[in-house]
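FYI, it's all coordinate maths here, none of it is from the lab. Just so it is clear, the structure is predicted and the values come from calculations on it, not from any experiment. Cβ coordinates were reconstructed from backbone atoms using ideal geometry, including for glycine residues, and neighbour counts include every protein chain displayed.
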Amino acid sequence: MTIRRIEGQANDKRKEMKKYLLLLLFLGATQLQAQTTGEEELGNWLMLFGNAKLSDQYNLHAEAQLRLYEPLSNFNQLLLRVGLGRKLSPQASVMAGYGYIPTSSFDKEEFKSSTIEHRIWEQLVLTNQLGRLYFEHRYRIEQRWISSTLNDKYLNRLRYRLLVNIPLNHAELTENTLFATFYDEVFLNVVENPFDQNRLYAALGYKFNAFLSLQAGYLRHKVSAGNLDRLQLALFLNMDFRRSDD
């Protein structure tokens, strides 16, 4: 009975793993098959993420992203975001925060308009592990106030991201681990025509230790104007400000 039960549990895990991978591929399918139009330069995003544990339950998040229309030139967007999170369980956490996002639109070497966005956001993150696969489901709600020289507008947006990390040289995501990362994220505005954008991402990363990791990857970014190609370089810093027991 014990052997059969173990075999049954293993089969269930394999089926669930296949389900997640198929869902990840399905979410990005429309982005991969869409025809490219509009701005077609190869751009890049340079990103810094910081996370600080304040206690066993609470953490502080901060990030800065510089988004460019071409590698190291032609400013597109600066994203500054902070948030306060709370751990609900080992597999669930919530967070809320604020974002400041100045953006310049760009078309054929001509800047057309600029906007400033103030954003409030809330999210729920659920995680689980299947063998060597580390899954993360992120559900995010955004309240967006966007101002430009032409008009001001307010939008609500929903986001869902399915991410998987796969350690390559170790069985677990421990220090000195090379890993692969894949995600697909869908953005939906709460309007009559809801589709806003889709992001399909693949990268290689290296976890040096509990404090530092680095990722370099490629993003296929589907927006209303067409498909954008973005190279990404991201640095992750994890700090622990919890008071140790003496």
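Write down the Kirkwood hydrodynamic radius of segment 193-246, to one decimal in angstroms, obtained as one divided by the mean of 1/r over all alpha carbon pairs.
On the way: mean 1/r = 0.0720 Å⁻¹.
That comes to 13.9 Å for segment 193-246.
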* Asked: Modelled label-to-label distance, TYR98 and PHE195, 7 Å Cα→beta-carbon offset: nm?
  -> 3.5 nm
* Using unit Cβ charges (K, R positive; D, E negative) and no other charged atoms, how large, in debye to the nearest 20, is the dipole of segment 81-158 about its Cα centre? -> 360 debye
* To do: Over segment 122-246, calculate the relative contact order: mean separation of alpha carbon pairs under 8 Å at least 6 apart, over the residue count, as a percent.
  => 15 percent
* P(r) of segment 39-150 in 10 Å steps, Cα pairs, percent per bin? -> 13, 33, 31, 18, 5, 0
* Asked: In a shell of Cβ-Cβ distance under 12 Å around VAL186, excluding VAL186 itself, what net charge do Lys and Arg (+1) and Asp and Glu (-1) give?
  -> +4
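Once the mean 1/r over all distinct Cα pairs of segment 128-246 is inverted, what Kirkwood radius in angstroms do you read off?
On the way: mean 1/r = 0.0593 Å⁻¹.
Across segment 128-246, the inverse of the average 1/r is 16.9 Å.
Between beta-carbons, use under 13 Å as the cut-off and find the net charge around GLN57, counting Lys and Arg +1, Asp and Glu -1.
Working: positive: LYS53, ARG86, LYS87, ARG242; negative: ASP56.
Net charge around GLN57: +3.
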